Structures are given as C-alpha cells and as structure tokens.
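Some notes on the structure that comes next.
The values are calculated or read from the model by the stated rules, or taken from the named source; none is laboratory data. Everything quoted here is computed from the prediction, not taken from an experiment. Backbone-built Cβ (ideal geometry, glycine too); neighbour counts: all protein chains shown. Note: accessible area is taken over every heavy atom of the protein model, side chains too, but ligands, DNA and RNA are not part of it. Shrake-Rupley method; radii C 1.70, N 1.55, O 1.52, S 1.80 Å.
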Amino acid sequence: MKPLSRRDFLKVGGLAVLGTASATALTQNKTNPHAKDPNNIHLSHVMQQGGHGDLPGTVGEVNHEKNGFNPTDLLTDFDYGEESTLPNGQTLREYEIISLNKNIEVIPGIEFPAWTYNGRIPGPTIRATEGDRIRIRFSNGSNHPHSIHFHGFHPGEMDGVPGTGPGGLVEPGGSFTYEFDAEPFGLHLYHCHVFPLARHIAKGLYGAFIVDPKEGRPPVDREMVMVMNGIDVDFDDANDFYAVNGIPFHYQNHPIQIRVGEQIRVYLVNILEFDLINSFHLHANFFNYYPTGTSLVPSEFTDTIIQGQAQRGILEFSYKYPGMYMFHAHVTEFAELGWNGMFEVLP
C-alpha cells in the first residue's frame, strides 16, 4: 500500500491516530472501489464546518482542563514573577520554570506528545520593566536535555546555548538559574536551544518575553499576547495544524470579545517551525505596527504583516463598528488548518 503523504493525512484527519474505527474506515476507502474517494474526506471525525458561516472548524472541543491551560486565559496571563527589591534598590523578579513531557489534545481526539514549559503551550509570558533584575530558576523534569535561551541582552553564560556554560544544556533532573537585567525594552521571546533545535521548538518549548519601557507605553484598554505556532503531529518535519497560543481554531470557536472604540494592544510572536514565514491579517480594520516593540513610534499603518521565525511585533487598533471580524494568517492553508480567529466587537 502506498504510504500516506502529509496531504493524505490531513484529508483523513489523522484517522490512524483516532483509533480502530477510523483506521478501518480509511482501509475500506482504500480497498473498496465503491467507497467514497478518501480525498473527499476533509479531516473527517475531527473537522467540519464551524459555527460561523461556512468556516472550517472542529467537531467538539479539546479538554482544556486535562491540557492544563485554556488559550482564552493565555491571552491575558502576564507573569510578573515574585517581586522584591535588591539592596541597591533594583527591582528583582523571580520565576520558576520547569520543562515537562506532556500529552496535549490539540484537536479533539488527537493528542500531541509535547515538550512544555510549565505544562503549557506557549510557556508563561514573562513580563518585566526595563532595568529589572530577572532571575529564572529552571528545572528539567523531562527525559531529554533542555535549556532556555532568551532574546535580549545578557552575559554569554546566561545564553542557554550548549557550550556556553552549565545553563546551555540542563540534563534531566538538573537545574540552572538564569539571571540578567531586562533589556532592551520591547517584545522578545524565549525557547529551548538544545539540538536538534527544530524539534525542541516544534514540540512546544517557547514563550513570550515582554520588557516594558521604564516610562511605560501609552495606555490602552486591553492588552493580549498571541504566539503563532505550528503542530507536526506525525513528525515528518512538516506542520499538520497551525494555531495561536497552542490550540488550532480556538479563537474561531471562542471569539475574543472587545467593544467598539476600545484601544487594543496585541503582542504578536511568530515561533512557527518548518515554514518560512507566518502572517497576521485583521479584517475590516487597520493597525499601527511596532516591529519588535523597541520603538514607541509605529513603522506602518496596515492590515497585514509578515513575520519570519522569531520575529515579533506589537499591534494597536480599535474597531468603529460592532460585529464579527476575522483575524488569521494570510496563507490560506494555515488559516484552514487552524490559524483562524474572530473578534466579536460589542456596542
């Protein structure tokens, strides 16, 4: 029998993963000339037309409680750490991060054997103010070596890369404390930097790192973080699903509610592996865009931006009219395989 290609896998919805009944149905389709063409089975058993017009979506809901996180909560879950003051007057922020192997239900019926920071994808959104002292106690609860590499300024021994010191590769059961000053201000990220790097990132070891300017940013009504990622469920180094904050279609199935006139700030990070670029498109609106967030002056006023892996930026916008408005990757395949959401704008 001809091996299933990635496209075959997508069209039958990973039936082998879903169990005997699904595998039987696939076999019947492959061997029975009177059966329906399996190429017409579009993510059957897990995907169908969604609740918003004719948009594709999922059948049912993933078990957020079992997963241990809900993407709706992750939008505004900023972790400022445990705050204290050092003898020199500098603010100290302390964090605890542990790497864990964990099965995450990414599509109803499909569990992904992830590697996680604190049991979630993405990991905690670490937030501090420029000049704060950051202290991250990292423990490796996985059965693979891991590390944390932060984007930003820090000494070489705190870079989290193999060969730079004991924090470059933390063995299972081991620990290391990363410590440095938070700078420069902007939107950054962190991720494991142990090789093979693509696999460590693709399996879930990443998160956002926000450093606020000392004077703060201009006030807005609401802030939220969105980390764009891919999911390679069959480990062929090609993404099968795409998502924001870990779970495909979540913000389509659970629209983000905002109000007319509210000033919204989105911290957008791209950590997509196996594809060269990702993008963000906002319907019926434009936004001010601040690449990397290192300037308080926007670079452009637009409705679509493109980011390579590890690129990030801040979006600011408000809506003039109530209604349901899509936001999604402006790559059709990504949107149809999970990177699609809705803002529900209330009067």
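Anything in the range 306-329 that is under 17 Å from the mean Cα position of the chain (by Cα) and surrounded by 13 or more Cβ atoms within 10 Å (Cβ to Cβ)? List them, or say none.
Of everything in the range 306-329, those that are under 17 Å from the mean Cα position of the chain (by Cα) and surrounded by 13 or more Cβ atoms within 10 Å (Cβ to Cβ) turn out to be I306, Q307, Q309, A310, Q311, R312, G313, I314, L315, F327, H328, A329.
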Practice item. Given the conditions (1) in contact (Cβ under 8 Å) with a residue 60 or more places away in the chain; (2) out of contact with any strand residue (DSSP E or B) (no Cβ under 8 Å at 6 or more places or on another chain); (3) in a loop (DSSP other than H, G, I, E, B), report the number of the one that A198 does not fulfil. Key: (3)
Check your understanding: Taking the range 173-195 on its own, how many of its residues are free of Cβ contacts under 8 Å to residues at least 40 places away in the same chain and farther than 18 Å from Y206 by Cα?
Key -> 2
Check your understanding: Mind checking whether some residue in the range 187-200 is open to solvent by less than 40 Å² (accessible area, probe 1.4 Å), in contact with an Asp or Glu (Cβ under 6 Å, 6 or more places away or on another chain) and farther than 19 Å from L100 by Cα?
Key -> no
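Residues that are farther than 23 Å from P71 by Cβ: list the strands (runs of 3 or more DSSP E) wholly contained in the range 110-181 that include at least 1 such residues.
Values: elements: 110-117, 125-129, 133-140, 175-181.
In the range 110-181, the matching strands (runs of 3 or more DSSP E) lie at 125-129, 133-140, 175-181.
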Check your understanding: Mind checking which residues of the range 216-254 are open to solvent by 10 Å² or more (accessible area, probe 1.4 Å) and closer than 28 Å to G131 by Cα?
Key -> G216, R217, P218, P219, V220, D221, R222, E223
Review point. Just a yes or no: is a residue in the range 117-137 surrounded by fewer than 23 Cβ atoms within 10 Å (Cβ to Cβ) and of a type in the set (A, V, I, L, M, F, W, C)?
Key: no
Exercise for review: Test each condition in (1) outside any strand (DSSP E or B); (2) in contact with a helix residue (DSSP H, G or I) (Cβ under 9 Å, 6 or more places away or on another chain); (3) open to solvent by 20 Å² or more (accessible area, probe 1.4 Å) for L272 and report the one that comes out false.
Suggested key: (3)
